[in-house]
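> Structure provided below as C-alpha cells; questions to follow.
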Amino acid sequence: MNINKKYKVLFVCLGNICRSPAAQGIFESVVAAHGASDRIEADSAGIYSGHQGQLPDRRMRAAASARGYDLTHRARPVSSLDFLDFDLVIAMDDENYEDLMHLAPSVEATHKIKRMASYLTTHKISYIPDPYYMGQDGFELVLDLLEESCANLYRSL
Ligand code: 4NP
C-alpha cells in the first residue's frame, strides 16, 4: 500500500442500489473500526445507470440498518475513468466482472478487477447473488456474504 496516498476501493454491481452500496457501507465500517479511515477509502458504482442519484433500495437500507450500517450512497454509473482513480475495482458477480473487463481502459487496469466472492472463506459460493427479486432472506444472505468478504478484503490490504 502506498503510504502517501489513500488506498481506494470501488465496489461494483448492476444497479448500485443493493449489493455494492452495502459492500461500501460495510467495508467503511470495517476500515473505521480499525482506525484506518485516513488511509483507506471506498466508493461504489453500477454497470446500469438507470438508478443514478437514488439512495440504496429501501429493503437493503432496512436490513443493513438492523446490523448497524447506515447506507447513504447515491447511485452512479461506473466509468472507465474510475480505473485511473481506484486501486481495486471489485465485481459482485460474473456479469459485473465481464462488463468491467470490457470497460477497463488498459491491460494494466484489468489487473485491478477482483471478484468479491474471492474474499469468502466459509461460504462456498462464487458470486454475490442479486437480491433485487429475492425476499428478506436474500438481503440477509447478501449481508452475511459481504460482512465476511469485507473483513477478509481488509486483512488482505
Ligand atoms: P444491485 O441490484 O445490482 O445489487 O444494485 C439490482 C438493482 C436494480 C436492478 C438490478 C439489480 N434493476 O435492474 O433495476
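> If amide H atoms are built 1.01 Å from N in the plane of the peptide, which residues on other chains or at least 5 residues away come under 5 Å of the amide H of I113?
Placed amide hydrogens put V89 under 5 Å from I113.
> Another question about this same structure. To the nearest 20 Debye, how big is the dipole of the chain about its Cα centre, given +1 on the beta carbon of each Lys and Arg and -1 on that of each Asp and Glu?
In debye, rounded to 20, the chain gives about 320.
> Would you be so kind as to identify which of H111, A36, L10 lies farthest towards the positive end of the dipole of the chain, taking Lys and Arg as +1 and Asp and Glu as -1 on Cβ and the Cα centre as origin?
In the chain, that residue is A36.
> Let me ask something else about it. If R0 is 22 Å, what FRET efficiency do you get for A151 and D70 from their C-beta distance, rounded to 0.05?
It comes to 0.70.
> A further question on this structure: Averaging sequence separations of C-alpha pairs under 8 Å and six or more residues apart, then dividing by the length of the chain, give the relative contact order as a whole percent.
Contact order relative to length: 26 percent.
> Using modelled backbone amide H atoms (1.01 Å from N, in-plane), which distant-in-sequence or interchain residues come within less than 5 Å of S44's amide H?
F11
> Once amide H atoms are built 1.01 Å from N in the peptide plane, which residues 5 or more positions from Y7, or in another chain, come under 5 Å H to H?
Under 5 Å from the amide H of Y7: I40, E41.
> Where does the chain land at 222 nm, in deg cm²/dmol rounded to the nearest 500, when only DSSP H runs of n ≥ 4 count, each adding -39500 (n - 2.57), divided by all residues?
-11500 deg cm²/dmol
> Report the gain in length on full extension from L84 to D38: 0.36 nm times residue separation, minus Cα-Cα distance, nm rounded to one decimal.
My answer for the length gained is 14.5 nm.
> How much area per residue is accessible in the chain when the probe is 1.4 Å and only protein heavy atoms are counted (Å²)?
50 Å²
> With every protein chain in place, what's the accessible area of R59 (1.4 Å probe, Å², nearest 10)?
90 Å²
> Oh, and also: Could you give each residue of the stretch 47-56 its phi-based ³J(HN,Hα) in whole Hz, using Karplus coefficients 6.51, -1.76, 1.60 with θ = phi - 60°, and x for Gly or Pro?
5, 8, 8, x, 9, 3, x, 7, 5, x
> Going through the stretch 62-157, which chymotrypsin sites (Phe, Trp or Tyr not before Pro) have at most 12 other Cβ atoms within 10 Å and a DSSP loop state?
Y133
> What list of ³J(HN,Hα) couplings, whole Hz, do you get for the stretch 5-17 from phi and the Karplus terms 6.51, -1.76, 1.60, once you set θ to phi - 60° and write x for glycine and proline?
Per residue, the Karplus-derived 3J(HN,Hα) values read 9, 5, 7, 10, 10, 10, 9, 10, 10, 6, x, 6, 10 Hz.
> Calculate the length of the line joining the C-alpha centroid of the stretch 51-106 to that of the stretch 7-32, in whole Å.
6 Å
> Which whole number in µm²/s is D for the chain by Stokes-Einstein, with the Kirkwood Rh taken over Cα pairs at 37 °C and 0.692 mPa s?
Approximately 214 µm²/s, per Stokes-Einstein.
> Keeping the other protein chains in place, figure out the carbon and sulfur percent of the accessible area of the stretch 7-156, with a 1.4 Å probe.
50 percent
> Computed FRET efficiency, Cβ-Cβ of K8 and D94, R0 30 Å: what is it to the nearest 0.05?
0.80
> ³J(HN,Hα) across the stretch 69-79 via Karplus (A = 6.51, B = -1.76, C = 1.60, θ = phi - 60°), whole Hz, x for Gly/Pro?
Coupling constants for the stretch 69-79: 10, 9, 9, 10, 4, 9, 4, 8, x, 6, 9 Hz.
The values are calculated or read from the model by the stated rules, or taken from the named source; none is laboratory data. None of the values given here were measured: they were computed from a predicted structure. Backbone-built Cβ (ideal geometry, glycine too); neighbour counts: all protein chains shown. Accessible surface areas use protein heavy atoms only, side chains included; no ligands, DNA or RNA. Shrake-Rupley method; radii C 1.70, N 1.55, O 1.52, S 1.80 Å.
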